[in-house]
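Reviewing the structure listed below.
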Amino acid sequence: VQLQASGGGLVQSGGSLRLSCAASGNIFSVNAMGWFRQAPGKQRELVAAMTNGGSTNYADSVKGRFTISRDNNKNTVYLQMDSLKPEDTAVYYCNYHRMIVGSDYWGQGTLVTVSS
């Protein structure tokens, strides 16, 4: 599975960005796609994820501000990020999780910088 992410950039506090990630290759029918992030000096953490059946999971810190969605026909997941805060600054990684066997695939990372 190959993941191509896009949409990062620089935005002011309170602004919005939208990340996209397209999966290609050997797509498995039962999967979850989502986003993790890693800020300097911190561990990588889950931001949001969504199964192909529509179940979602969000980090508490982004609930009410970020919205994950996906287009299963395009094998693409989106992350709409609103009301961005400086603490959202991080490299965001797209993740494809093959459920049942538990394997993970990662995109190249896209930098999101929120200025105060």
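Assorted remarks:
- A single entry from 28, 36 fulfils the requirement of being part of a strand (DSSP E or B) and open to solvent by 20 Å² or more (accessible area, probe 1.4 Å): 36.
- Among the residues of region 55-75, those identified as open to solvent by less than 40 Å² (accessible area, probe 1.4 Å) and of a type outside the set (A, V, I, L, M) are 65, 66.
- Options 46, 3, 19, 79; residue that is surrounded by 12 or more Cβ atoms within 10 Å (Cβ to Cβ), without any contact (Cβ under 8 Å) to a residue 24 or more places away in the chain, assigned to a strand (DSSP E or B) and not polar (S, T, N, Q): 46
- Filter result (closer than 19 Å to residue 96 by Cβ and not small (Gly, Ala, Ser)) within region 19-43: 19, 21, 26, 27, 28, 30, 31, 33, 35, 36, 37, 38
- So residue 10, is it within 20 Å of residue 83 (Cβ to Cβ) and either acidic (Asp, Glu) or surrounded by 14 or more Cβ atoms within 10 Å (Cβ to Cβ) (or both): no
The values are calculated or read from the model by the stated rules, or taken from the named source; none is laboratory data. Please read all numbers here as calculations on a predicted model, not as lab measurements. When we count neighbours, we look across all protein chains shown, and the Cβ atoms used for this are built from the backbone with ideal geometry, even at glycine. Calculation scope for accessible area: heavy atoms of the full protein, side chains included, ligands and nucleic acids excluded. Shrake-Rupley method; radii C 1.70, N 1.55, O 1.52, S 1.80 Å.
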